[in-house]
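Notes follow once the structure below has been shown.
No value in this document is a laboratory result; all are computed from the given coordinates. Keep in mind that this is a model prediction, so the values were computed, not measured. Cβ placement follows ideal geometry from the backbone for every residue including glycine, while neighbour counts extend to all protein chains displayed.
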Amino acid sequence: TTCPFPIRFNSLSVLFNNPNYNSLCVVNGANNSDVSEEGDLYLEPKKIKKITFTFTPFPEDVGKHIEVTQVVLEQGSRQVCCAVLVWSGGGGSIANNADSTLLNLSSHNEEIANNDAGEWNRLRILSKLSVIPREPMVEIAFEHDQPSLIDEIYPLKLRLTNHEETTVSNVKVEIGINTETSTTRSELVWMSLDKANFESDEKHSLAFDVPEISDKIERELYVKTSQAGKTVLAAKVVYEVSVTVGTSGHVVKCVCSKVVTTSLDSIQPFKTTCSLVTKEFFRLDKIHEGELFMLLVNIKCSSPWPLTVISSKLQLSDEIQFEDDESESQLSGVSLENDESASDCFCLVSKTSDSVSRSVHLGQLHIEWRRVEQSSELPSVVTDVDLPSTTIEKVPLSIHTELPSYGTVRTALPLSYTLFNKTATVQEIEAKIEQSEHFMFTGSKEIHFSILPSARHTLNYKLFPLSPGYVTLPRLHLSVPRYQGDIDMVVRNMIPSHVFIKPPGKDITT
């Protein structure tokens with residue numbers, strides 16, 4: 001005070017933005033003037049009076065601000081005469097007043113104690129404080145061995161450890177996906193708690209309650225992702241704990257929370273390539289209606305752990321069928337390490353149609369697999385691979401070749417081509433066969449003939465190999481005036497181009 005004589009006030013009140021604290025910061029002084037020069041509200045000239053209030057913030061104010069809105073001093077009696085002094089914002093208006101004598105106590109009287117004046121000038125007025133949560137002492141940890149493989153049921157272990165001095169209660173745990181840092185879409189990530197088979201109850205987030213934790217608990221978490229990338233899982237735990245505040249032994253129930261994250265990388269289990277080839281394994285850009293072709297499937301293991309292929313099955317479109325009955329997969333029971341490959345082959349044929357040319361999608365390949373060291377309680381995984389699309393072209397002819405699997409140098413090798421007219425019209429055909437340095441042959445080198453609808457014509461040749469090895473056969477050329485496409489390409493896809501020729505045997509004399 002800067003008053004030249006002592007002043008005694010009757011009451012001091014500190015008011016807050018939350019009225020529930022107002023009753024906790026009140027000092028009532030003496031109303032009797034005969035009381036000695038003592039008491040909390042007895043202010044001496046040029047002296048600083050310190051009054052300390054202590055209270056515990058309410059749990060519902062965690063994360064909010066507590067602000068002093070007013071400081072109120074009352075002097076006198078409300079029944080007779082009363083003076084009320086009000087400062088807004090905890091005295092901030094006084095601190096900002098340049099004319100305030102309170103800010104310049106040392107300039108009034110040289111006899112003022114330098115300690116009090118200096119202390120007053122060093123005061124910082126803080127009328128607002130933030131209520132921060134109590135530091136949680138419950139540890140959350142994810143335990144897992146990544147990366148995960150797409151579409152597999154990936155197990156994680158969630159461990160909660162209590163480091164509080166007492167048991168925590170009303171524990172609530174929420175597990176979700178941090179969409180800001182994840183590269184996978186949240187709707188393509190599913191979770192399940194304590195059970196591996198969750199097809200009937202798939203969720204994109206989880207929540208569960210624990211009545212209390214005295215030491216630690218563990219829960220099994222299962223995650224399935226259908227997209228390659230990084231998924232950031234966030235686990236939030238909220239719990240209550242009783243804490244003793246100060247030396248008075250006052251017990252307060254605190255609500256604490258903690259959030260931890262873990263990153264889960266998902267990768268493809270296989271890298272799959274599919275190709276269409278002829279019977280001689282030459283690449284096909286398009287297939288011919290009713291003609292046999294082969295689908296080659298190559299899978300390469302990209303998993304860091306060995307995988308076992310349980311089966312692979314083709315789901316063909318309505319335009320394609322198997323040449324014979326559906327055969328068993330060649331990959332069944334095959335185990336692959338990282339970067340190892342395996343192949344499967346399927347003989348297929350296209351169904352007939354009225355369209356001259358049409359584009360079709362072949363279908364899907366279903367690969368059923370599991371980790372070699374995977375728990376038997378976890379189900380196997382089915383990965384669907386889209387087969388390529390191709391063009392089916394209607395051609396007028398089908399060619400069947402009869403040729404031994406091998407021949408011998410200077411030994412006759414029979415060769416015949418049987419041409420079948422697949423159309424409803426007569427086909428005029430001109431056939432030529434090229435000369436070859438690897439063969440002499442007998443038969444018509446150039447011939448013109450007609451084939452009636454649904455009829456056949458056979459070209460017979462007898463070859464005499466001149467050199468051993470895997471040699472090129474004499475090339476057959478056809479000219480079909482009624483066909484506007486590339487008939488040479490059709491012929492190359494239907495007939496063999498090479499044959500293996502053995503060297504002549506040597507006589508062994510004794």
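Would you please calculate the Kirkwood hydrodynamic radius of the stretch 138-267 over all C-alpha pairs and express it in Å, rounded to one decimal? Mind showing how you got there, number by number?
Values: mean 1/r = 0.0633 Å⁻¹.
Taking every pair of different Cα atoms in the stretch 138-267, averaging 1/r and inverting gives 15.8 Å.
May I ask for the distance between the Cα centers of the stretch 396-425 and the stretch 265-334, given as a whole number of Å? So the two Cα centres are separated by 29 Å. Computed about its Cα centre, the charge dipole of the stretch 368-407 is approximately 100 debye, with only Lys, Arg, Asp and Glu carrying charge at their Cβ. Taking every alpha-carbon pair under 8 Å whose residues sit at least 6 apart, the chain reaches a relative contact order of 9 percent. For the chain, a crude dipole built from +1 on the beta carbon of Lys and Arg and -1 on the beta carbon of Asp and Glu, taken about the Cα centre, is about 1140 debye to the nearest 20. Per q in 0.13 Å⁻¹, report the Debye log10 I(q)/I(0) for the stretch 270-393, using one uniform scatterer on each alpha carbon and no solvent. Values, matching the q order: -0.55. Here Lys394 is the anchor, and the lysines within straight C-alpha reach of less than 24 Å, apart from those fewer than 8 places off in the same chain, are Lys279, Lys286, Lys351, Lys422, Lys432. Put +1 on the Cβ of each Lys and Arg and -1 on the Cβ of each Asp and Glu in the stretch 270-393; which of Ile287, Trp305, Ser332 then has its Cα farthest toward the positive end of the dipole? Of Ile287, Trp305, Ser332, it is Trp305.
Only alpha carbons enter this Debye calculation for the stretch 321-437, each as an equal point scatterer, and the log10 of I(q)/I(0) it gives at q = 0.18 Å⁻¹ is -1.15.
Taken about its Cα centre, the stretch 397-502 carries a charge dipole of about 240 debye when Lys and Arg each add +1 at the Cβ and Asp and Glu each add -1 at the Cβ. Ignoring solvent entirely, what values of log10 I(q)/I(0) come out of the Debye formula for the chain at 0.05, 0.08, 0.11, 0.12 Å⁻¹ when each Cα is a single scatterer? Log10 of I(q)/I(0), two decimals: -0.51, -0.79, -1.05, -1.12.
Annotation for the stretch 140-170 versus the stretch 428-493: alpha-carbon center distance of 71 Å.
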